[in-house]
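Chemist: First the structure, which I've put down as structure tokens, then a few questions once you've had a look.
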Amino acid sequence: GQPLRLYRHQVEAIREASAGRHYVLTTGTGSGKSLAYIVPIVDHILRAGSGKGVKAIVVYPMNALANSQEEELRKFLDHGVQGRPVRFARYTGQEDEEQRKAILDKPPDIILTNYVMLELILTRTRDRDLVDAAQGLKYLVLDELHTYRGRQGADVAMLVRRVRHALNADALQRIGTSA
């Protein structure tokens, strides 16, 4: 695909991810934080092979961000990874029945969601196929960490623990971003 020219903070974050370390990337709005987690996730999927279950869940604080990042991920994969062998889907509660069924029938490599829907995925029987497909999850990304404050922050922290437990993801790599 096309060569990427990365900023220093992106290179450093990708190195942390490649070493298997958790990290939080804090930098200004519009500075390319999403590439700092998308690159290692896509690299992992390309190396391990697509279609082997959900490998990454990216959690956004609101659906508008999930929607815009879905489009950015599509552009990145269309222009940067030939043939787009990495599958992803937005699963936020906005999907109609046909879209939801398609995601459950053939779970993607990457799920873009919000923290409320992630909680529902873990608890609803109708979403059990996603839980099964995400066993041994490799990456959990929390975008815009600064939005989770007070009780909501505590709820999200507990959700991360429940994800690790429910998905048998003891080696789960956690990544956070904040502006």
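The values are calculated or read from the model by the stated rules, or taken from the named source; none is laboratory data. Everything quoted here is computed from the prediction, not taken from an experiment. Positions of Cβ are backbone-derived with ideal geometry, glycine not excepted, and every protein chain shown enters the neighbour counts. Side chains included, ligands, DNA and RNA excluded: accessible areas come from the protein's heavy atoms. Shrake-Rupley method; radii C 1.70, N 1.55, O 1.52, S 1.80 Å.
Chemist: If the chain between Gln94 and Arg5 were fully stretched, how many nm would it gain, using 0.36 nm times the residue separation less the Cα-Cα distance?
Modeler: 28.6 nm
Chemist: While we're here: Go through Lys33, Lys52, Lys75 and list them by solvent-accessible area, largest first, probe radius 1.4 Å. Don't skip to the answer; put the middle values down first.
Modeler: On the way: Lys33 20, Lys52 125, Lys75 90 Å².
The residues order as Lys52, Lys75, Lys33, largest area first.
Chemist: Can you tell me the length gained on complete extension of the stretch Lys75 to Asp105, counting 0.36 nm per residue apart and subtracting the Cα distance?
Modeler: On the way: separation 30, 0.36 × 30 = 10.80 nm, distance 2.46 nm.
Net length gain for the segment: 8.3 nm.
Chemist: Using 7 Å Cα-to-Cβ label points, what is the Asp129/Arg164 separation (nm, one decimal)?
Modeler: Result: 3.0 nm between the two label points.
Chemist: In angstroms, what radius of gyration and Dmax does the range 117-157 have, counting Cα atoms only?
Modeler: Rg and Dmax of the range 117-157, Cα atoms, are 12.3, 32 Å.
Chemist: Another question, if that's okay. Rounded to a whole number, what is D in µm²/s for the chain from Stokes-Einstein with the Kirkwood radius over alpha-carbon pairs (10 °C, 1.306 mPa s)? Show your work: numbers first, answer last.
Modeler: Details: Rh = 16.4 Å.
My calculation gives 97 µm²/s for D.
Chemist: Quote the charge dipole size of the range 49-126 about the Cα centre in Debye, to the nearest 20; the model charges only the Cβ of Lys and Arg (+1) and of Asp and Glu (-1).
Modeler: Its charge dipole is roughly 300 debye.
Chemist: Continuing with this model, one more query. How much accessible surface area, in Å² rounded to 10, belongs to the heavy atoms of Thr123 with a 1.4 Å probe?
Modeler: Roll a 1.4 Å probe over it and Thr123 shows about 90 Å².
Chemist: Taking N as the number of residues in the range 77-179, what value does Rg over Cα atoms divided by 2.2 N^0.38 Å take? Can you show the working numbers first?
Modeler: Values: Rg = 14.3 Å, N = 103, 2.2 N^0.38 = 12.8 Å.
Compared with the compact-globule rule of thumb, the range 77-179 sits at 1.12.
Chemist: Right, something else. Specify the inter-centroid distance of the range 1-33 and the range 98-172, based on alpha-carbon positions, in whole Å.
Modeler: What the calculation gives is 22 Å, centre to centre.
Chemist: Which one of Leu142, Ala157, Ala102 has its Cα pushed farthest toward the positive end of the charge dipole of the range 76-162, where Lys and Arg give +1 and Asp and Glu give -1 at the Cβ?
Modeler: Ala157
Chemist: Can you give the Rg to Rh ratio for the range 1-74, taking only C-alpha atoms and Rh from Kirkwood? Don't jump to the answer; show the numbers that get you there.
Modeler: Working: Rg = 12.8 Å, Rh = 13.6 Å.
The Rg/Rh ratio comes out at 0.95.
Chemist: If R0 is 25 Å, what FRET efficiency do you get for Glu12 and Lys52 from their C-beta distance, rounded to 0.05? Please report the intermediate quantities before stating the final value.
Modeler: Numbers: r = 29 Å, r/R0 = 1.15.
In this case the efficiency is close to 0.30.
Chemist: For the chain, what % of the accessible area comes from carbon and sulfur atoms, probe 1.4 Å? It would help to have the intermediate numbers written out before the result.
Modeler: On the way: 4630 of 9350 Å².
Answer for the chain is 50 percent, counting heavy atoms of protein chains only.
Chemist: Report, in debye and to the nearest 20, how large the dipole of the chain comes out about its Cα centre when Lys and Arg carry +1 and Asp and Glu carry -1 on their Cβ.
Modeler: Working: 26 positive and 21 negative charges, 97 e Å.
The calculation lands at about 460 debye.
Chemist: Let me ask something else. Identify all aspartates and glutamates with a Cα-Cα distance to Lys33 below 13 Å; exclude those on the same chain that are fewer than 8 residues away in sequence.
Modeler: By straight Cα distance, Lys33 reaches Glu12, Glu72, Asp143, Glu144.
Chemist: Next question, about the same structure. Just want to confirm a number: the relative contact order over the range 131-174, from Cα pairs under 8 angstrom separated by 6+ residues, in percent. Mind dumping the intermediate values first?
Modeler: Working: 34 pairs, mean separation 30.1, N = 44.
This gives 69 percent for the range 131-174.
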